[in-house]
Amino acid sequence: MTKGLRWFILFLLFVSSVAAQNSTELYRGRRKALLKKIGRNNMAIFKAAPVARRNGDVDYEYRQDSDFYYLTGFEEPGAILVLSPRGIYVRDESKFVKEILFLRPRDPHMEIWQGYRLGVERAKEKLGVQAALPIDRFEDYLTAILGRVDTLYIKTSRVKLDEPLSKEMEFIKRARERLYDFTVASPGKLLTPMREIKSEAELALLQKAIDITCEAHREAMKAARPGMFEYQLEAVIEYVFKKNGSERPGFPSIIGSGPNSCILHYNTNRRRMQKGDMVVMDIGAEYGMYTADVTRTIPVNGKFSKAQREIYNIVLEAQNAGIAAAKVGAPFGAPAQAAVRKVVEGLIRLGILKGDVQTNIQNGRYRAFFMHGTSHHIGLDVHDVSTYRPLKPNMIITVEPGIYISEATGREHGVPKKYWNIGVRIEDDVLITEEGPKILSAGAPRTIEAIEKMMSKSSTIF
Ligand code: GLY
Ligand code: MN
Ligand code: MN
């Protein structure tokens, strides 16, 4: 090895250790901020996502719980994070700590089957937690801690009276019966306002996820043609995702053509596309656990018909109005309000809705054609957590109006046949800034001209 190469390798090792240190700091900082909000007599527990069995020896692909990941950066199952502002005495270390991560210990035999485990010894250094203990010590510790807790923050699933209790509820019930009747509250109250505002590091990951998604849209536009199956378009899209290092789609890709363009969360993707179809492609790459959510709607043969243009341009106009309304201080519902008005005005212009704009907004008749919300936050989850408070800088929301005229809707509402089976949704990811809304997904063609131009190019993928 030459001297220069040796220095270069040392330099790389230094850079990567600094990067690891930074990310440890990032998660530690989040835990610290949360500890401040919990309240001295209270405690919070966050559990890693459970492994879901698919069948026999096969599990569903594992993905960490988003709250748990946000606070630890740890991707393994079988772990629990306990945060206690007052402090917990850890016997093994003879000290009080405010955070303990319980996790699976190393197990050479299991690791041959399931892969590497971080293990208890390395967790403190790698994840920067004050204490790490084997997961089987969790209940033992709790018995000691819970007796002094007023409110326990823990995520529970919705309780149904006629169904068996979830694991969390069983745990709460047992602990309350045996220990002390503490109050239970959702950690979302404390964590959602934090997750809702994105840091620079989160913005960078989201932008990367969005850039990959926009590239996938461009490639899908080049590849699409009549005779192709929806799943083949999905294959082009998810090939671009994986090629660029996306771990997985952030939600099942929606490729709905013709009649399927009117099914909002269609993801069967088995139909053969035909000349004259509109194709809704609602997709999002997940990158570094953050997911994009971008929809484009295209004519499969590369040219919009007159009827398709008419519907498309109403949705586009509605989306532009929605995006323009995404300003700092505006109510969360402002983009929706602006978009709905434009959809109603457009549908009246085409004679699909009758009467004046205000009445149609008030009586909600437009909901036969535009039946979903316009905006949601994105982040670790595609429908990311939200307080629905007014818009603030560094929030990222979607703006996604649509018009869907299925054959059944068309018949029921006397819509001219030329509009039947046209579903159009246009969805972009918008960063709220003091300087106004910034479209992060502008890399995917959005106007009729830009889409037709992209579709005239040939694909090198399919
Ligand atoms: N991809 C689901 C949505 O747009 O909300
Ligand atoms: Mn979407
Ligand atoms: Mn969406």
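Values quoted throughout were computed directly from the atomic coordinates according to the rules given, and no laboratory measurement underlies them. As the structure is a computational prediction, the values presented were derived from the model and not from experiment. Virtual Cβ from ideal backbone geometry, glycine too; neighbours counted across all protein chains shown.
Helix 334-349 and the longest principal axis of the Cα set of the chain meet at an angle near 20°.
Ranked by how many other Cβ atoms sit within 10 Å of their own Cβ, fewest first, the residues Tyr419, Tyr239 fall in the order Tyr239, Tyr419. With N as its number of residues, the chain has a Cα radius of gyration that, divided by 2.2 N^0.38 Å, comes to 1.12.
Sort Val340, Val294, Val382 so that the residue with the fewest other Cβ atoms within 10 Å of its own Cβ comes first and the one with the most comes last. It would help to have the intermediate numbers written out before the result.
On the way: Val340 23, Val294 27, Val382 18.
In order of increasing Cβ crowding within 10 Å: Val382, Val340, Val294.
Axis angle, to the nearest 10 degrees, between helix 306-324 and the longest C-alpha principal axis of the chain: 40 degrees.
Angle of helix 230-243 to the longest C-alpha principal axis of the chain, folded into 0 to 90 degrees and rounded to 10: 40°. Distances between placed amide hydrogens fall under 5 Å for Arg446 paired with Ile451, all partners being 5 or more residues away or on another chain. Under 14 Å of direct C-alpha separation, and excluding same-chain neighbours fewer than eight residues apart, Lys208 reaches these aspartates and glutamates: Glu200, Glu247, Glu286, Asp293, Asp429.
Within region 181-272, which trypsin sites (Lys or Arg not before Pro) sit in a loop by DSSP and count at most 14 neighbouring Cβ atoms inside 10 Å?
Numbers: sites: Lys189, Arg195, Lys198, Lys208, Arg218, Lys222, Lys242, Lys243, Arg270, Arg271, Arg272; in loops: Lys198, Arg270, Arg271.
Listed in order of number, the matching sites are Arg270.
For the chain, which span is the longest to avoid every loop-located (per DSSP) member of GluC sites (Glu not before Pro) having at most 15 other Cβ atoms inside 10 Å? Intermediate results must be reported in sequence, preceding the final value.
Values: sites that count: Glu61, Glu434, Glu435.
Result, exposed sites excluded: 62-433.
Suppose a student asked you for the relative contact order of the chain, using Cα pairs under 8 Å spaced at least 6 residues apart; what percent would you report? Provide the component values of the computation, followed by the final result.
Numbers: 875 pairs, mean separation 58.9, N = 462.
Here the relative contact order equals 13 percent.
A P(r) calculated from all alpha carbon pairs of region 309-462, with 5 Å bins opening at zero, reads 2, 9, 17, 19, 17, 14, 12, 7, 2, 0, 0 percent. Along region 146-163 the Karplus relation, 6.51 cos²θ - 1.76 cosθ + 1.60 evaluated at θ = phi - 60°, assigns HN-Hα couplings of 5, x, 10, 9, 7, 10, 9, 8, 8, 7, 10, 7, 4, 8, 10, 5, 9, 10 Hz to successive residues, with x for each Gly and Pro. If both residues of a DSSP beta bridge must be in the chain, then about 80% of such bridges are antiparallel.
Given only helices, namely DSSP H runs of n ≥ 4 each adding -39500 (n - 2.57), what is the per-residue ellipticity at 222 nm of the chain, to the nearest 500 deg cm²/dmol?
So the calculated ellipticity at 222 nm is -12500 deg cm²/dmol.
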